[in-house]
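Asker: Got a structure for you, questions after.
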Amino acid sequence: MKATATAHPNIALVKYWGKRNEKLILPHQSSLSVTLGPLQVTTTVEFTKLTTGPDVIEINGKSAEGTERTRVVELLSLVRKQAGAKAKLGGAIMISRGDFPASAGLASSAAAFAALAVAARAAAGFERDPRAESILARRGSGSASRSIEGGFVRWNRGKRADGNDSFGEQLFEAEHWPELRMLVGMVSREEKEVKSRDGMRSTVETSPYYPAWAKDAEREVKEIVKFIKRRDLQAVGEIAERNAWRMHATALAANPPLCYLKPATLAVIEACRYARQQGIGVWFTLDAGPNPVLLTSRADEHKVAELIRSHGADDVVHCVPGGDARVLSQPGKRIGGRA
Ligand code: PMV
């Protein structure tokens, strides 16, 4: 009844922005991301038997409170429910640690809920099942559905009201494109004022551009897959940039407007454009925060890191396509085999 699992965060090349069902976390459109190795979150879950006591939740050495705690407890309760009364899963102890700062603006919640979903299911005695894990992780944070499998993952929008066809699906393994690099430029470490969850709700409700965004993003997912298959950095980079601009344009048109960019974000974006004129293959993407993620190749990695630093970033986090979420230990069970 105890297991430890690890998962990487991911960066969306075609973003998820907006839910059609807030409770089940079902998106209005499909999205596509690449998993970010070597960054990872490692989570241990232990279910106690027949205990009615509250769950103990520790994240990065601190006891979790408020919404952060509620979201974890809700996910653990879903696992208890799925395991059924016979399993007698009581209160849980969950300990989670990330090896990258939550403030990096990377979707740390994606890695956190993916590791939690895998660890909790394993602790409850379920066999590995990426689809079921992705659906469960999605209930914690939408983007977490794309951190169960590694490499290039599409989160299918799905059509069903129960959400059972809305999960992350690996299209290409990390090994498909080992030369690809994702560099996060740390231009700000401030907590963002509007969390993704609230930002997307407000965008869906008030941005007149929202229907166009959702329709276009669905098309862009189809388009980018062809270019990822060919490892065409320029075509992938152009779609990723355009998609990021369109997401931010849609959010800017909300009421009140949502602007996640800082002056230094724009400085790095401008620097990308200038670098391309100098023959460096680099494109940006940007989540709901100020820190741009630059897409480049191994050959240009160091030049791009230099460029980001000289335009206001105080640190650069280097990433490569990462692998699947994994169960690291499960007492009483041989990993990858039978109990
Ligand atoms: O999964 P959430 O609620 O953290 O939302 C993630 C939203 C973006 O990071 C902006 C886009 C994405 O697809 O990851």
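Asker: For region 2-177, what is the accessible area per residue in Å² when the probe is 1.4 Å? Show your work: numbers first, answer last.
Answerer: Numbers: 6840 Å² over 176 residues.
Here the residues of region 2-177 average 39 Å² of exposed surface.
Asker: Could you tally the net charge around Ala240, taking each other residue with its Cβ under 10 Å from the Cβ of Ala240, Lys/Arg +1 and Asp/Glu -1?
Answerer: Details: positive: Lys15, Arg242; negative: Glu220, Glu238, Glu241.
Cβ neighbours under 10 Å give a net charge of -1.
Asker: Once you have a ≥ b ≥ c as the square roots of the Cα gyration tensor eigenvalues for region 208-272, tell me rounded if a/c is under 1.5, and otherwise prolate or oblate according to whether a/b is larger than b/c.
Answerer: Working: a/c = 4.59, a/b = 1.28, b/c = 3.59.
Note, shape of region 208-272 comes out oblate.
Asker: With a 10 Å radius around each residue's Cβ, average the other Cβ atoms per peptide and rank 118-129, 209-220, highest first. Could you put the intermediate results ahead of the total?
Answerer: Values: 118-129: 22.0, 209-220: 17.5.
Most protected by this proxy first, the peptides run 118-129, 209-220.
Asker: Quick one: P(r) of the chain from all Cα-Cα pairs, 10 Å bins, percents rounded to integers, in order of increasing distance.
Answerer: Pairs per bin, as whole percents: 6, 27, 35, 23, 9, 2, 0.
Asker: In addition: Kindly provide the helix-only [θ] at 222 nm of the chain, computed as the sum of -39,500 (n - 2.57) over DSSP H runs of four or more divided by all residues, to the nearest 500 deg cm²/dmol?
Answerer: -11500 deg cm²/dmol
Asker: Less than 9 Å Cβ to Cβ from Asp165, Lys/Arg counted +1 and Asp/Glu -1: what total charge do the surrounding residues give? Please list the in-between numbers first.
Answerer: Details: positive: Arg157, Lys159, Arg160; negative: Asp162.
Once all neighbours under 9 Å are counted, the net charge is +2.
Asker: Given a Förster distance of 22 angstrom, what is the FRET efficiency for Asp129 paired with Glu22, based on the Cβ-Cβ distance and rounded to 0.05? Don't skip to the answer; put the middle values down first.
Answerer: Working: r = 25 Å, r/R0 = 1.16.
Efficiency for this residue pair is about 0.30.
Asker: Please list, in order along region 189-200, the HN-Hα scalar couplings obtained from phi with the Karplus expression 6.51 cos²θ - 1.76 cosθ + 1.60 (θ = phi - 60°), rounded to whole Hz, x for Gly and Pro.
Answerer: Coupling constants for region 189-200: 10, 5, 4, 6, 5, 10, 5, 3, 4, 6, x, 6 Hz.
Asker: Something else now. For the cross-link pairs Lys159/Lys226; Lys23/Lys195; Lys49/Lys81; Lys195/Lys303; Lys15/Lys81; Lys195/Lys262, which exceed 25 Å when the distance is taken from alpha carbon to alpha carbon?
Answerer: Details: Lys159/Lys226 23 Å; Lys23/Lys195 17 Å; Lys49/Lys81 14 Å; Lys195/Lys303 32 Å; Lys15/Lys81 31 Å; Lys195/Lys262 16 Å.
From the list (Lys159/Lys226; Lys23/Lys195; Lys49/Lys81; Lys195/Lys303; Lys15/Lys81; Lys195/Lys262), the Cα-Cα distance tops 25 Å for Lys195/Lys303; Lys15/Lys81.
Asker: Over region 180-321, with the other protein chains present, what is the accessible area per residue in square angstrom, probe 1.4 angstrom? Can you show the working numbers first?
Answerer: On the way: 6780 Å² over 142 residues.
About 48 Å² of surface per residue is accessible.
Asker: Viscosity 1.002 mPa s, temperature 20 °C: give me the Stokes-Einstein translational D for region 244-339 in µm²/s, with Rh taken as the Kirkwood radius over C-alpha pairs. Spell out each step's value before the answer.
Answerer: Details: Rh = 16.0 Å.
D, rounded to a whole number, is 134 µm²/s.
Asker: Hey, for a label at Lys262 modelled as a point 7 Å past Cα toward Cβ, could you say which residues of region 179-212 have their backbone N under 18 Å away?
Answerer: 183-196
Asker: Then there is this: At a 1.4 Å probe, what is the % contribution of carbon and sulfur to the accessible area of region 191-270?
Answerer: Numbers: 2430 of 4330 Å².
Ligands and nucleic acids excluded, carbon and sulfur give 56 percent.
Asker: If you don't mind, another one. Would you please give the FRET efficiency between Glu68 and Lys215, computed as 1/(1 + (r/R0)^6) with r the Cβ-Cβ distance and R0 = 30 Å, to the nearest 0.05? Could you put the intermediate results ahead of the total?
Answerer: Details: r = 34 Å, r/R0 = 1.12.
With a Förster radius of 30 Å, E is 0.35.
Asker: Could you tell me what percent of the accessible area of region 2-177 is made up of carbon and sulfur, with a 1.4 Å probe and every protein chain present? Let's see the in-between values first.
Answerer: Values: 3510 of 6840 Å².
Whole-percent figure for carbon plus sulfur exposure: 51.
Asker: I need the peptides 22-29, 34-41, 271-278 ranked by packing, meaning the mean over residues of other C-beta atoms within 10 angstrom, with the highest value on top.
Answerer: So the order, starting with the most tightly packed, is 34-41, 22-29, 271-278.
Asker: Moving on to the next point. In whole Hz, what ³J(HN,Hα) sequence does region 314-325 give by Karplus (6.51, -1.76, 1.60; θ = phi - 60°), x for Gly and Pro?
Answerer: Listing the rounded values in order: 8, 7, 10, 9, 8, 10, 10, x, x, x, 5, 5 Hz.
Asker: Starting from the Cα gyration tensor of region 140-184, take the square roots of the eigenvalues, sort them a ≥ b ≥ c, and report rounded, prolate or oblate (rounded when a/c is under 1.5, otherwise prolate if a/b is larger than b/c, else oblate).
Answerer: Details: a/c = 3.40, a/b = 2.11, b/c = 1.61.
Here region 140-184 falls in the prolate category.
Asker: Please say if region 2-177 is rounded, prolate or oblate, where rounded means a/c under 1.5 for a ≥ b ≥ c the square roots of the C-alpha gyration tensor eigenvalues, and otherwise the choice is prolate for a/b larger than b/c and oblate otherwise?
Answerer: Working: a/c = 1.68, a/b = 1.37, b/c = 1.23.
Here region 2-177 falls in the prolate category.
Asker: Could you tell me what percent of the DSSP beta bridges with both partners in region 1-156 are antiparallel, to the nearest 5?
Answerer: Working: 26 of 30 bridges.
Antiparallel bridges make up about 85 percent of those DSSP assigns within region 1-156.
Asker: Still on this structure, I have one more. Apply the Karplus parameterisation 6.51 cos²θ - 1.76 cosθ + 1.60, with θ equal to phi minus 60°, to every residue of region 289-295 and state each ³J(HN,Hα) to the nearest whole Hz, in sequence, with x for glycine and proline.
Answerer: x, x, 8, x, 10, 9, 9
The values are calculated or read from the model by the stated rules, or taken from the named source; none is laboratory data. Quick caveat, the model's predicted, so the values are computed rather than measured. Cβ coordinates were reconstructed from backbone atoms using ideal geometry, including for glycine residues, and neighbour counts include every protein chain displayed. To get the accessible areas, we keep the full protein, side chains included, count just its heavy atoms, and leave off ligands, DNA and RNA. Shrake-Rupley method; radii C 1.70, N 1.55, O 1.52, S 1.80 Å.
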